[in-house]
1. Across segment 117-137, what is the number of residues that are in contact with a strand residue (DSSP E or B) (Cβ under 6 Å, 6 or more places away or on another chain) and assigned to a helix (DSSP H, G or I)?
2. Mind checking which residues of segment 259-280 are within 27 Å of I215 (Cα to Cα) and in contact with a strand residue (DSSP E or B) (Cβ under 7 Å, 6 or more places away or on another chain)?
3. For segment 78-88, name all the residues that are free of Cβ contacts under 8 Å to residues at least 40 places away in the same chain and either surrounded by 15 or more Cβ atoms within 10 Å (Cβ to Cβ) or of a type in the set (D, E, K, R) (or both).
4. Can you tell me which residues in segment 67-77 are assigned to a helix (DSSP H, G or I) and surrounded by 11 or more Cβ atoms within 10 Å (Cβ to Cβ)?
5. From the list L149, L158, pick out the single residue that is assigned by TED's automatic domain parsing to the domain that holds L97 and part of a loop (DSSP other than H, G, I, E, B).
6. Just to check your reading of the model, which residue among A207, A191 is assigned to a strand (DSSP E or B) and touching a residue at least 60 places away in the same chain (Cβ under 8 Å)?
7. From (1) surrounded by 13 or more Cβ atoms within 10 Å (Cβ to Cβ); (2) in contact (Cβ under 8 Å) with a residue 40 or more places away in the chain, pick out the condition that doesn't hold for V228.
8. Kindly indicate which of G37, G62, G102 is farther than 27 Å from A194 by Cβ, surrounded by fewer than 17 Cβ atoms within 10 Å (Cβ to Cβ) and at pLDDT below 95.
Amino acid sequence: MIEARELTKRYGHKAAVSGLDFRVEPGRVTGFLGPNGAGKSTTMRMILGLDLPSSGSVTVNGRRYQGMVWPLYEIGALLDARAVHPGRSAYNHLHSLAAANGIPRSRVDVVLEQVGLTAVARKRVGGFSLGMSQRLGIAGALLGDPGILLFDEPVNGLDPDGILWIRTLMRSLAAEGRTVLVSSHLMSEMALTADHLLVIGEGRLLADMSLDELIARDATDRVEVRAVDHHRLAGELRTLGGEVTLEPDGTLLVVGVDSATIGELAAAQGHVLHQLRDVTSSLEEAYFRLTEDSVVYRAPVPA
């Protein structure tokens, strides 16, 4: 388990992380979300002792990570897939990590097979693609067979097969009772992978709840309608008290009138419908609602 209490990191007068309180529990995948500059990487670095908190604390299984004698047995992490000497082979890189942490050499072959790199184990890492480097970084995280795993943007550079693989891997690790914390900017992938979410913005905790709770919070039920005479139907739906938005392609987005009522109205008024479906809120929509005031780097929308 990972636990943060009033975790704060300042650089001069700027607080990169401010008073974070959270627990990452075993047995589930916890997604770590937030805009660029929100403090995710800084938080992960403090968990691993690479940065020291200005105040507050973060512990791994009740202890500071820095004091662990064999750290890779406790926690495995992928923060930067390219942080490997390019002249080393994948095998030698993992062997050096194993030797430094008292891990049997046999584990190197096991994790290379687990991440699908056995065929290129003796090739120099400098020639690896980003996706291959990601797989090697994940192998390093798994090397000590730890109970806690941290992954920072692990799907970067992976092809669709690789994305499915890492998703399945993370969920299987959590199912074994391990603690899994993963950051990502891909909302669609987090919706398929995470059980619980931590969302931060400008260094502060915005949400600490299950995936379903976050999506359901402030969710708005909508109905999507396509009709031959969409202008007339829009007026009739507004008369019923619906909020109707006309999209450029003629689709009506309706709030306040359910799909059954719309279907009955269409039948009674002779409307020809090409589409009538309920639209459920997505993680992406919930995330944008939550973080809209916390985006630091926002580019202007093209005209």
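1. So the answer is 1.
2. Going through segment 259-280, the residues within 27 Å of I215 (Cα to Cα) turn out to be 259-263, 275-280.
Hits for segment 259-280 are S259, I262, G263, Q275, L276, R277, D278, V279.
3. R88
4. First pass over segment 67-77, keeping only residues assigned to a helix (DSSP H, G or I): 67, 71-74.
Within segment 67-77, P71, L72, Y73, E74 qualify.
5. Details: L149 fails: part of a loop (DSSP other than H, G, I, E, B).
Testing whether each residue is assigned by TED's automatic domain parsing to the domain that holds L97 and part of a loop (DSSP other than H, G, I, E, B) leaves just L158.
6. Working: A191 fails: assigned to a strand (DSSP E or B).
So the residue among A207, A191 that is assigned to a strand (DSSP E or B) and touching a residue at least 60 places away in the same chain (Cβ under 8 Å) is A207.
7. The failed condition is (1).
8. Details: G37 fails: farther than 27 Å from A194 by Cβ; G62 fails: farther than 27 Å from A194 by Cβ.
Sole residue among the options that is farther than 27 Å from A194 by Cβ, surrounded by fewer than 17 Cβ atoms within 10 Å (Cβ to Cβ) and at pLDDT below 95: G102.
The values are calculated or read from the model by the stated rules, or taken from the named source; none is laboratory data. What you see is a predicted model, and the numbers here were worked out from it, not measured in a lab. Note that each Cβ is placed from the backbone with ideal geometry, even for glycine, and that neighbours are counted across all protein chains shown.
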